[in-house]
């Protein structure tokens, strides 16, 4: 019945900064705007075929450690290229590390404070092998 995650919805205090981050920084494609009373109040970004991020304008955001949505993660086939692209466009990105799940990962934060993780799976990744991930 479920075919996948259709989209993740984020809020941003600065739509232009969010669009620059996700389009220039990450290479997403803006596919349409949400318009209310003649004013753009949000937009839809294509991550991959049938996979989207939705962004809506808000007056303020509160980034809290105990927020039930802690981050979202995007799969990549070239984690080094993602880090380089982010840095090339003036954004920070951690160095890649091999996680306990045996997947390469790196992190960044969007202009509104949303944490984004990137995964590049290996043949040993728990996501590939479906074996338990042992945390220390």
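Every number in this text was worked out from the coordinates using simple rules, so none of it is lab data. The model shown is predicted, which means the values in this text are computed figures rather than measured ones. Please note: Cβ atoms are built from the backbone with ideal geometry, for glycine as well, and neighbour counts cover all protein chains shown.
The residue that is farthest from the chain's Cα centre (by Cα), counting only those in the range 1-28 that are crowded, with 18+ Cβ neighbours inside 10 Å and farther than 16 Å from residue 56 by Cβ, is 25. Checked against (1) free of Cβ contacts under 8 Å to residues at least 24 places away in the same chain; (2) under 25 Å from residue 6 (Cα atoms); (3) in contact with a helix residue (DSSP H, G or I) (Cβ under 8 Å, 6 or more places away or on another chain); (4) part of a loop (DSSP other than H, G, I, E, B), residue 27 passes all but condition (1).
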